Amino acid sequence: MDPLLSLGAGLLLLALWVRHKGLEYLLVHHRWVFVCLFLLPLSVLFDIYYQLRAWAVWKLHSAPRQHSQRVRHIQAQVQEWKNEGGKTYMCTGRPGWLTVSLRVGKYKKTHKNIVINLMDILEVDIERQVVCVEPLVTMGQLTAHLNPMGWTLPVVPELDDLTVGGLIMGTGIESSSHIYGLFQHTCLAYELVLADGSLVRCTPAENSDLFYAVPWSCGTLGFLVAAEIKIIPAKKYVKLHYKPVRGLEKICEKFTEESKKKDNNFVEGLVYSLEEAVIMTGVLTDEAEDSQINRIANYYKPWFFKHVEKYLKANQTGIEYIPSRHYYHRHTRSIFWELQDIIPFGNNPVFRYLFGWMVPPKISLLKLTQGEAIRKLYEQRHVVQDMLVPMKILEKSIRTFHSDLNVYPLWLCPFILPNNPGMVHPKGDEMELYVDIGAYGEPKTKQFEARASMRQMEKFVRNVHGFQMLYADCYMNREEFWDMFDGSLYHKLREQMNCKDAFPEVYDKICKAARH
């Protein structure tokens with residue numbers, strides 16, 4: 001049979017089946033059909049467009065010239081809002097489905113949308129070791145630009161599509177954070193358009209209160225228009241050591257021990273059950289043994305978390321040399337392990353070799369096409385949460401995650417938390433070692449109920465002076481929220497800069513109890 005005829009017949013049968021079952025049935029029970037046929041090719045086109053655009057902008061050196069003009073346009077929109085009487089709050093005009101967060105921001109339908117089309121790298125200053133970028137620049141865009149120049153960011157949050165603005169106004173972390181802290185701690189300066197339309201620059205020495213209040217504020221103090229971020233020399237490879245560990249006490253001891261070693265450039269843990277984990281430590285190097293090089297980001301390679309699991313099943317340690325950029329984005333292709341719930345056969349060798357070059361689908365497109373049925377299903381039977389807790393209570397925290405959620409793997413990422421002003425800092429006067437525990441997937445605990453279970457988890461995190469990442473669903477009431485976070489500097493600046501009538505409070509923007 002002619003191949004085109006076969007393809008046409010197949011599509012016709014698929015259309016008849018969809019018509020019989022209904023589109024909602026297909027999207028809920030066989031979402032992979034829609035994702036593979038439509039979202040994967042569309043994601044590839046999105047990537048090609050943005051890569052070509054970024055290349056052209058940099059080659060033409062047009063970004064620095066256009067930046068001032070774009071900022072003035074933002075200021076003009078704020079002035080227009082003022083002239084109209086400032087009747088509603090302002091927010092960025094970026095559609096909610098374009099963000100990596102799974103949360104649906106309904107406030108964009110009622111607030112004054114300010115268009116912020118700022119997505120370019122403005123300058124790489126080698127002498128100062130600083131890169132200046134606009135807020136919609138992504139991690140994938142930055143590493144693709146910096147690594148060939150021999151530079152990188154100290155902290156490269158994992159997923160390609162995470163934006164600088166999102167990582168500053170929210171937060172970001174990676175396996176180098178035990179040395180450098182969170183993404184915000186590698187930032188040297190911010191530029192913002194405030195509620196009165198003025199443009200301000202803030203650093204630890206200039207407008208320092210605003211500098212420390214911006215992180216975690218979720219765009220409720222002003223519109224971020226540029227950021228300066230520290231860069232460090234890059235090396236070709238990460239020499240990665242895999243160490244399977246069994247027994248929860250030993251897992252926590254080993255992870256804590258490795259996290260305290262500054263000669264480890266990277267530390268990460270994947271916990272596959274209450275008693276089983278693989279602890280990984282990495283060192284940057286320019287030398288590698290050819291036989292041990294693993295280009296893990298190549299489309300035909302196994303998903304990274306599945307590759308790591310092989311060391312656990314074989315109960316063997318191992319050493320590999322992973323190209324640096326492949327390491328930085330090692331979980332991107334499988335969206336950590338979320339993609340296995342969307343494309344169950346995605347890690348099959350046949351699928352990887354034939355279609356792996358299109359993976360992953362854009363999270364934004366997944367959100368845009370998920371529909372109400374899938375959204376409710378995810379809300380009730382799925383968790384995507386990162387909780388930041390002191391390292392000293394890691395064992396207790398993992399047991400709590402197990403009893404309340406029972407989601408595996410768990411992602412462990414250590415970070416140093418300095419005692420800076422702002423919403424997030426240690427309880428004491430000294431910097432403290434914390435750990436991010438990431439839970440992504442379907443809870444297996446029988447008593448799981450989204451609201452009750454997450455409120456119980458949030459209470460535990462508050463009691464140990466931990467913090468919940470604000471991209472995720474948050475069920476706390478206002479009093480509980482400000483018990484978890486230090487709002488003293490934030491509220492002081494909201495009052496001083498007349499933000500109360502211009503921007504919603506961060507709680508009203510992100511918490512389920514407050515959203516309408």
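With θ set to phi - 60°, apply the Karplus curve 6.51 cos²θ - 1.76 cosθ + 1.60 along the range 445-458 and write out the HN-Hα couplings as whole Hz, x wherever there is a Gly or Pro.
My calculation for the range 445-458 gives 5, 5, 8, 5, 9, 3, 5, 5, 5, 6, 5, 5, 5, 4 Hz in order.
Mind listing the phi-derived Karplus ³J(HN,Hα) values for the range 120-130, rounded to whole Hz, using 6.51, -1.76 and 1.60 with θ = phi - 60°, and x for any glycine or proline?
Listing the rounded values in order: 10, 7, 8, 6, 10, 9, 5, 4, 8, 6, 9 Hz.
Cys499's amide H: which non-local residues (gap 5+, or another chain) put their own amide H closer than 5 Å, with H modeled 1.01 Å from N in plane and none for Pro or chain starts?
none
What is the gain in length, in nm to one decimal, between Asn419 and Val115 on full extension, counting 0.36 nm per residue of separation less the C-alpha to C-alpha distance?
Full extension of this stretch gives 105.9 nm more.
Any idea of the accessible area per residue across the range 242-326, 1.4 Å probe, to the nearest Å²?
Ligands and nucleic acids excluded, the figure is 46 Å² per residue.
Per-residue ellipticity at 222 nm for the chain, helices alone: DSSP H runs ≥ 4 residues times -39500 (n - 2.57), over residue total, nearest 500 deg cm²/dmol?
Details: 21 runs with 199 residues, N = 516.
Per the formula, -11000 deg cm²/dmol.
Would you mind classifying the chain by shape? Square roots of the alpha carbon gyration tensor eigenvalues, ordered a ≥ b ≥ c; an a/c under 1.5 is rounded, otherwise it is prolate if a/b is larger than b/c and oblate if not.
Here the chain falls in the rounded category.
Amide H of Val137 versus every other amide H placed in the peptide plane: which residues, excluding those fewer than 5 positions away on the same chain, fall under 5 Å?
Distant-sequence amide H within range of Val137: Asp120, Val164, Gly165.
Report in % the part of the accessible area of the chain that belongs to carbon and sulfur, leaving out ligands and nucleic acids; probe 1.4 Å.
Accessible surface attributable to carbon and sulfur in the chain totals 54 percent.
Taking the Cβ-Cβ separation of Glu249 and Glu289 as r and a Förster radius of 35 Å, what is the calculated FRET efficiency to the nearest 0.05? Could the numbers behind the result be given before it?
Values: r = 34 Å, r/R0 = 0.98.
The computed FRET efficiency comes out at 0.55.
Taking only C-alpha pairs under 8 Å that are 6+ residues apart, what is the relative contact order of the range 254-362 in percent? Don't skip to the answer; put the middle values down first.
Working: 115 pairs, mean separation 25.1, N = 109.
Taking the mean separation of contacting Cα pairs over the length of the range 254-362, I get 23 percent.
Show me, for the range 140-153, the HN-Hα J-couplings you get by feeding each phi into the Karplus relation (A = 6.51, B = -1.76, C = 1.60, θ = phi - 60°), rounded to Hz, glycine and proline as x.
Those phi angles translate into x, 5, 5, 5, 5, 7, 7, 4, x, 7, x, 10, 8, 7 Hz.
Any idea what the relative contact order of the chain is, in percent, if you count C-alpha pairs under 8 Å spaced at least 6 apart?
Reported relative contact order: 17 percent.
Could you order Trp303, Trp151 so the one with the most accessible surface comes first? Probe is 1.4 Å.
My answer, sorted largest first, is Trp151, Trp303.
Out of all DSSP beta bridges with both ends in the chain, state the antiparallel percent to the nearest 5.
95
Between Lys500 and Lys313, with labels modelled 7 Å along Cα→Cβ, what's the label distance in nm to one decimal, could you check?
6.0
What's the extension gain from Val33 to His491 if we count 0.36 nm per residue and subtract their Cα-Cα distance?
160.1 nm
Given labels modelled 7 Å from the Cα in the Cβ direction, how far is it in nm from Glu206 to Lys260?
My value for the distance between the label points is 4.1 nm.
From Cα pairs below 8 angstrom and at least 6 apart in sequence, can you work out the relative contact order of the range 64-233, rounded to a whole percent?
In percent, rounded to a whole number, it is 23.
Can you give the charge dipole size of the range 64-233 about its Cα centre, rounded to the nearest 20 debye, using +1 on the beta carbon of Lys and Arg and -1 on the beta carbon of Asp and Glu?
720
Where a ≥ b ≥ c are the square roots of the eigenvalues of the C-alpha gyration tensor, would you call the range 64-233 rounded, which needs a/c under 1.5, or, failing that, prolate if a/b is larger than b/c, or oblate?
It is prolate, given that a/c is not under 1.5 and a/b is the larger ratio.
Once amide H atoms are built 1.01 Å from N in the peptide plane, which residues 5 or more positions from Met90, or in another chain, come under 5 Å H to H?
Counting only residues 5 or more places away or on other chains, the set is Lys112, Phe503.
Only Lys, Arg, Asp and Glu count, each charged at its Cβ (+1, +1, -1, -1), so figure out the dipole size of the chain about its Cα centre, rounded to 20 debye.
On the way: 60 positive and 56 negative charges, 259 e Å.
Charge dipole of the chain: 1240 debye, to the nearest 20.
Which whole-number value in Å² is the accessible area per residue of the range 64-233, probe 1.4 Å?
37
With the dipole of the chain worked out from charges on the C-beta (+1 for Lys and Arg, -1 for Asp and Glu) around the Cα centre, which of Gly219, Gln447, Phe485 lies farthest toward the positive end?
Positive-most Cα among the choices belongs to Gln447.
Determine, for each peptide in 179-188, 255-264, the mean count of other beta carbons within 10 angstrom over its residues, then list the peptides with the highest first. Spell out each step's value before the answer.
Values: 179-188: 21.0, 255-264: 16.4.
Those peptides, ordered most packed to least, come out 179-188, 255-264.
What nm value, rounded to one decimal, do you get for the distance between Glu430 and Lys392 when each label is placed 7 Å out toward the C-beta?
Placing both labels 7 Å along Cα→Cβ, they lie 0.9 nm apart.
Multiply the residue separation of Ile126 and Phe345 by 0.36 nm, subtract the distance between their alpha-carbon atoms, and state the gained length in nm to one decimal.
Working: separation 219, 0.36 × 219 = 78.84 nm, distance 4.44 nm.
The Ile126-Phe345 span can extend by a further 74.4 nm.
The values are calculated or read from the model by the stated rules, or taken from the named source; none is laboratory data. What you see is a predicted model, and the numbers here were worked out from it, not measured in a lab. Glycine gets a Cβ as well: all are built from the backbone with ideal geometry, and neighbour counts include every protein chain shown. SASA here: full protein model, heavy atoms, side chains in, ligands and nucleic acids out. Shrake-Rupley method; radii C 1.70, N 1.55, O 1.52, S 1.80 Å.
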